[in-house]
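Novice: Below: one structure in structure tokens.
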Amino acid sequence: MSAHVNAGAAPECQVPPTSVRGAALRGVVARPGREAVEAKGWLRAHKWLLLRRASQLGILALFLAGPWLGWWIVKGNLSSSLTLGVLPLTDPFLVAQQLVAGHWPYQESLLGAGIVLAFYLLFGGRLFCAWVCPVNLVTDAAAWLRRRLGLKGGKTPAGSTRYWLLGFVLVIAAATGSLAWEWVNPVSMFHRGLIFGFGLAWGIVGGIFLYDLLIAPRGWCGHLCPQGAFYALLGRASVVKVAADKRSACNDCMDCFAVCPEPQVIRPALKGVGQDHPLILDADCTTCGRCVDVCGKDVFRITTRFNRSE
Amino acid sequence: MTMNDKVQPTGHAAASAPPARRRFLKDVAGVAGGAGLLALGAGLYAKQASALPATAIRPPGALPEDDFLAACVRCGLCVRDCPYKTLKLAELGDRVATGTPYFEARDIPCEMCEDIPCVVACPTGALDRTLVDITKAKMGLAVLIDQENCLNFLGLRCDVCYRVCPVIDQAITLERIHNPRSDRHAMLLPTVHSEHCTGCGKCEKACVLPGESAIKVLPIKLAQGSKAEHYLRSWEEKEAAGRSLIGDQVELPVRGLEGKAYGDTRVGPADLPQVPDQAPAYAPAKPAGGGLDSGWKP
Ligand code: SF4
Ligand code: SF4
Ligand code: SF4
Ligand code: SF4
């Protein structure tokens, strides 16, 4: 949606006009973040990335500690789990499908979904994508390799496809009276596969990797995944946001656009297109913090939506 | 469908709408159509793949398959709490809906835990918590499917499936019938009773045949015929009413069987006319193998 907005955006700000998003998508910037490493050191230039990987792998480790080591801290998988025998957590995306498919789940499932829902509503829907979802490891790897190999072009579906898909997932659930999407949902399938065994699910995960690498840059998470779309809708009013509060220091290196999984969200905040505060309020932003890392001028930081200062 | 909805207005508005708007509508139509196709594909695949193979048995308390597929979120909590590792989650390619729990009785049967931990663990109600007595479970129904290889059907006394049944003498009984092959032995046929069989699969697991079991747990829908409702079973009606609905039958004497219980038409050697002196005109064929002819006739 926002993609349409900035397609013909005029260079109304003082910085020279650059087709930054296009350049980023075409992978012009092969090694973003070099400047930042020089300016702030490797560790600080990878701070949020490392934290994010720690979160993703840590959550996975909690689930795997049971079957691998017999430490049953968390049982189940991301679809529904039980922590320490008391805390139920359920994916609200699944409960939504259940409800339209005509099944009213038990209290603890609703409670679990409520807790998860409240968390993402409050802190940011797509935190799930950047900090929890295991598919992010795969699509990040594909994006990284794409940049390194200098692969250009490809055919990417519109970013709004995922919202349509989300709608149809619910329609199909209602029409078939079953959680039809779960037959193919790569997100739950990947996580479940890691914990309970894969079967042929490797094929689907490999398919996403190759799709992102060869056909559509950031194609899955950024354009198709209905689960990401669901969480994006949750995050519309959430508190944690990235701000380009030192945007006056921006030197147009385009590194942030190159690493951002949703590059279209940066422009309004960084260049003041259609807004004058420096907050990235677009719900598609995953709050991954990678733009904070790679910026040699420390333009970005993670803050709250109430902080509009520059 | 959506594609058509969206494309038409574009056509109508062609003259008046600015080209940007027209292109936007066209884009939306394409995107929606693509997404719709993707979802439709998933839906069709789900529908087509929702048939359960006959040897895949759902956990105790599982809702009927259609409802189960709306309820189970494929979390595996039931699998985790099954102490015997009976249950497993289907992997892609298993021919069972991806991620849903099932077991194969010949592999590991359900041990019918008294506290039914799998049902307790299920957060969604895909496994119904109104099931509190495991002997009331209906995971499937055992069927003695191969009467040619079952040892008891061959006249031996294997009985293993009967012995291992947790609901022995109710879910499975040994029915004694005459063995026409030896003509003087009984055969004890393992017979499953749907009213009590839980479908745990212990019998299938225990069957001594080297490869496939002669007794198998099948989904109830496969294992059971539908009841012929129009046919009243006289014995059931009699039991319910306390007496025969058509009144007691008149018992007419049958000539030659006066000394026997009414209805017993069996003929033994003693009942045959005795002709002691004369040799019979022909010798009755002896059963093969030289067994004694008990004279038993059905
Ligand atoms: S977009 Fe989908 S696959 Fe990607 S990180 Fe989010 S939930 Fe996971
Ligand atoms: S009753 Fe016990 S053995 Fe049977 S499936 Fe449930 S947990 Fe496993
Ligand atoms: S615990 Fe319930 S929802 Fe989870 S996999 Fe088992 S049956 Fe499905
Ligand atoms: S499946 Fe076999 S062992 Fe289990 S209750 Fe039925 S007859 Fe008995």
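Novice: Pairs of alpha-carbon atoms within less than 8 angstrom and 6+ residues apart define the contacts here; what relative contact order does chain A have, in percent?
Specialist: Here the relative contact order equals 27 percent.
Novice: Quickly work out the A:A175-to-B:V132 label distance, labels modelled 7 Å from Cα along the C-beta direction, and quote it in nm with one decimal.
Specialist: Once both label points are built, they end up 4.3 nm from each other.
Novice: Sticking with this structure for a sec: In peptide B:81-89, how many Cβ atoms from other protein chains are near each Cβ within 10 Å, on average?
Specialist: For peptide B:81-89, the averaged partner shielding equals 1.
Novice: Then there's this: Which whole-number percent gives the relative contact order of segment B:140-224, counting Cα pairs below 8 Å spaced six or more residues apart? If you can, show how the numbers build up before the last one.
Specialist: Working: 161 pairs, mean separation 35.5, N = 85.
Value for segment B:140-224: 42 percent.
Novice: Which whole number gives the average, over all residues in B:60-69, of C-beta atoms from other chains lying within 10 Å of the residue C-beta?
Specialist: 2
Novice: Normalised by the number of residues in segment B:50-137, what is the relative contact order in percent for Cα pairs under 8 Å and 6+ residues apart? Can you show the working numbers first?
Specialist: Details: 142 pairs, mean separation 33.5, N = 88.
Relative contact order comes out at 38 percent.
Novice: Sorting check: for B:84-91, B:240-247, A:51-58, which peptide has the highest mean count of neighbouring beta carbons within 10 Å, and how do the rest follow?
Specialist: Numbers: B:84-91: 19.4, B:240-247: 9.2, A:51-58: 15.0.
The densest-packed peptide leads the list: B:84-91, A:51-58, B:240-247.
Novice: If you take all C-alpha pairs in segment B:38-92, what percent of them are over 14 Å apart?
Specialist: For segment B:38-92, the share of Cα pairs beyond 14 Å comes to 64 percent.
Novice: What do you reckon, how do A:K241, A:K47, B:K216 stack up by accessible area (1.4 Å probe), largest on top?
Specialist: The ranking, largest first, comes out as A:K47, B:K216, A:K241.
Novice: Here's something else I'd like to know. Determine the distance separating the Cα centre of segment B:112-187 from the Cα centre of segment B:29-101; give it in Å without decimals.
Specialist: If you average the Cα positions of each part, the centres end up 27 Å apart.
Novice: Let me ask another. Looking at segment B:188-230, what % of the alpha carbon pairs are farther apart than 16 Å?
Specialist: More than 16 Å apart: 45 percent of the Cα pairs in segment B:188-230.
Novice: Also: Pick out, from A:I302, B:L127, B:V31, the residue whose Cα sits farthest towards the positive end of the charge dipole of the protein assembly as shown, with +1 on the Cβ of Lys and Arg and -1 on the Cβ of Asp and Glu.
Specialist: Checking the options against the dipole of the protein assembly as shown, the answer is A:I302.
Novice: Excluding residues on the same chain fewer than 8 positions from B:K88, give the lysines whose Cα lies under 21 Å from its Cα.
Specialist: A:K75, B:K138, B:K202, B:K205, B:K216
Novice: Just to check, using Stokes-Einstein with a Kirkwood Rh over alpha carbon pairs, what's the diffusion coefficient of segment A:105-238 at 37 °C and 0.692 mPa s in µm²/s?
Specialist: 206 µm²/s
Novice: Would you be so kind as to identify all helices of chain A, as entire DSSP H runs, whose Cα atoms reach 27 Å or more along the helix's own axis and whose mean Kyte-Doolittle hydropathy is at least 0.5?
Specialist: Those that clear 27 Å and a mean of 0.5 are A:47-69.
Novice: Rounded to the nearest Å, what's the spacing between the alpha carbon centres of segment A:233-310 and segment A:62-103? Just the number, please.
Specialist: 32 Å
Novice: Once segment B:123-165 is represented by equal point scatterers at the alpha-carbon sites, with solvent omitted, what log10 I(q)/I(0) does the Debye formula produce at q = 0.17 Å⁻¹?
Specialist: -0.65
Novice: Would you work out what percent of the accessible area of chain A, with all protein chains in place, is carbon or sulfur (probe 1.4 Å)?
Specialist: Solvent-exposed carbon and sulfur of chain A make up 67 percent of the total.
Novice: If you don't mind, another one. Cβ neighbours within 10 Å, averaged per peptide: list A:98-106, A:175-183 in order, most packed at the top.
Specialist: Result, highest mean Cβ count within 10 Å first: A:175-183, A:98-106.
Novice: Which value, in nm² and rounded to one decimal, describes the direction-averaged projected area of the C-alpha convex hull of chain A?
Specialist: 16.4 nm²
Novice: For the ranges B:120-132, A:201-213, what's the packing order if you count other beta-carbon atoms within 10 Å of each residue, average per peptide, and put the highest first?
Specialist: With the highest mean Cβ count within 10 Å placed first, the list reads B:120-132, A:201-213.
Novice: Quick one: work out Rg over Rh on the C-alpha atoms of the protein assembly as shown, Rh as Kirkwood radius.
Specialist: On the way: Rg = 34.9 Å, Rh = 29.3 Å.
The Rg/Rh ratio comes out at 1.19.
Novice: Could you give me the percent of Cα pairs per 10 Å distance bin for segment A:222-282, shortest bin first, beginning at zero and ending with the bin that holds the maximum distance?
Specialist: P(r) for segment A:222-282, in whole percents per bin: 20, 50, 26, 4.
Novice: Is there a simple number for the mean count of other chain Cβ atoms within 10 Å of the Cβ of residues in A:152-164, and what is it?
Specialist: Numbers: counts 0, 0, 0, 0, 0, 5, 7, 1, 5, 6, 2, 3, 10.
Other-chain Cβ atoms within 10 Å of each residue's Cβ, averaged: 3.
The values are calculated or read from the model by the stated rules, or taken from the named source; none is laboratory data. It should be emphasised that the depicted structure is a prediction, and the values quoted were computed from it without experimental measurement. When we count neighbours, we look across all protein chains shown, and the Cβ atoms used for this are built from the backbone with ideal geometry, even at glycine. Areas reflect the complete protein model, heavy atoms only, side chains present, ligands, DNA and RNA absent. Shrake-Rupley method; radii C 1.70, N 1.55, O 1.52, S 1.80 Å.
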